[in-house]
Amino acid sequence: MKISIVIIVICLIFSYASAQGCTTNICELGPYFNETNGYRCYDLGGGSALCTCPGSAYEINQPCRLCNRANPANNVCRNNNGKLIQCLESNDSGTSYACACIDTTTGDLALTTDADCDTTVPLTGSSTTYPSTSSACLNGGVFTGGICHCPSGYSGAICQDKSDYNLCEKVRCKNNGVCAIQNPDGPNQSVCLCRYGTWGDYCELKGTLGFCSASSCSNGGACRENVIGSTRFAYCQCAPGYSGTKCETNYFTCSTPGSFSDTDMHEQGKYFECKMISGSLRIERKSCPKGLRFNTIPELCTY
């Protein structure tokens with residue numbers, strides 16, 4: 001009986017400890033390793049935590065350090081050629097890290113941000129940047145409500161897993177277009193295959209036969225031509241807030257600063273941003289990552 005009670009108590013203690021996530025400082029944040037310098041901790045639920053460091057690097061349930069990654073191959077400084085003296089993880093040199101290496105030309109110590117100690121690469125050549133947002137999600141995912149909302153084709157707690165098979169999962173083409181997975185420029189991506197006479201990233205443009213002319217589009221729309229077989233179509237790319245074959249319909253106008261849903265292209269992840277510039281409101285059309293929709297309540301891209 002006593003043994004059973006001890007086991008139960010140990011299990012409860014272990015469960016409590018493992019469920020703490022960031023509250024136990026599992027990421028070992030401290031004086032230098034802080035949010036300002038690009039080090040953060042995010043609770044993923046179930047006792048797991050995401051530890052980040054500059055340059056979008058991350059570890060799960062262990063500290064993230066640029067110079068001491070769980071997989072040494074991911075270290076920002078490597079000693080594959082015997083030139084590395086030390087990896088310096090600080091901003092003393094104006095970057096988030098520096099590789100202290102032997103310059104084979106002079107024999108002197110030199111600082112570089114090249115992982116393989118190419119001392120001709122200066123410190124200013126560092127591509128490492130501090131995260132500009134508090135999102136814990138990768139690949140364009142958006143963190144809200146304690147979870148990552150992932151673009152089409154990505155899944156996992158932090159959108160770390162890619163599945164080409166699911167790239168079209170949440171993509172909606174207009175005008176009876178069909179989403180297909182292709183790789184015209186390298187990696188697989190989702191594209192909308194448009195019906196005859198329609199065009200655009202989501203087949204949102206309806207064309208008219210013939211060439212572009214000065215009267216093809218109204219309200220600041222730009223005319224573009226596309227040839228399908230032997231037939232030429234003229235398409236109007238409308239200014240934000242306008243729609244129609246000739247951009248004849250004004251369906252949205254900025255009345256106050258903020259972010260607003262694009263009712264015409266909501267299913268395609270579009271939204272409007274209204275900004276006060278030089279005393280007047282300016283409108284700009286923005287895009288969510290593919291497969292996500294703009295949610296007006298948190299003003300974020302979610303499912």
For an R0 of 45 angstrom, estimate the FRET efficiency from the Cβ-Cβ distance between ASP161 and LYS275 and round to the nearest 0.05. 0.80
For CYS67 and ALA222 in the same chain, what is the full-extension length gain: residue separation times 0.36 nm, less their Cα-Cα distance, in nm? 50.8 nm
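About the Cα centre of the chain, what is the dipole size in debye to 20, counting +1 per Lys and Arg Cβ and -1 per Asp and Glu Cβ, all else neutral? Could you put the intermediate results ahead of the total?
Details: 22 positive and 25 negative charges, 196 e Å.
My answer is approximately 940 debye.
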Order of MET276, MET265 - criterion: other Cβ atoms within 10 Å of each residue's Cβ, fewest first: MET276, MET265
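Could you please rank CYS212, CYS53, CYS301, placing first whichever residue has the fewest other Cβ atoms within 10 Å of its Cβ? Don't jump to the answer; show the numbers that get you there.
Details: CYS212 17, CYS53 27, CYS301 22.
Listed from fewest to most nearby Cβ atoms, that is CYS212, CYS301, CYS53.
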Radius of gyration and Dmax for the stretch 160-201's Cα atoms, expressed in Å? 11.2, 38
Asserting the computed 222 nm helical MRE of the chain (DSSP H runs at least 4 long, -39500 (n - 2.57) per run, divided by residue count, to nearest 500) equals -2000 deg cm²/dmol
Sites ALA214 and TYR251, calculated FRET efficiency, Cβ-Cβ separation with R0 22 Å, nearest 0.05: 0.35
Looking at CYS173, VAL76, GLY46, which one has the Cα that reaches farthest to the positive end of the dipole of the chain (charges on Cβ: Lys, Arg +1; Asp, Glu -1)? CYS173
Descending Cα extents along the principal axes, the stretch 195-302, whole Å: 47, 33, 18
Rounded to 10°, Cα long-axis angle of helix 2-18 versus longest principal axis of the chain: 50 degrees
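Filter the cross-link list LYS170/LYS275; LYS170/LYS286; LYS246/LYS270; LYS246/LYS275; LYS83/LYS162; LYS174/LYS270 down to pairs whose alpha-carbon distance in this structure exceeds 24 Å. Spell out each step's value before the answer.
Numbers: LYS170/LYS275 30 Å; LYS170/LYS286 18 Å; LYS246/LYS270 20 Å; LYS246/LYS275 26 Å; LYS83/LYS162 36 Å; LYS174/LYS270 13 Å.
Those over the limit are LYS170/LYS275; LYS246/LYS275; LYS83/LYS162.
Every number in this text was worked out from the coordinates using simple rules, so none of it is lab data. The structure presented is a predicted model; accordingly, all values stated were derived computationally and were not measured. All Cβ positions, glycine included, derive from the backbone under ideal geometry; neighbour counts span all protein chains shown.
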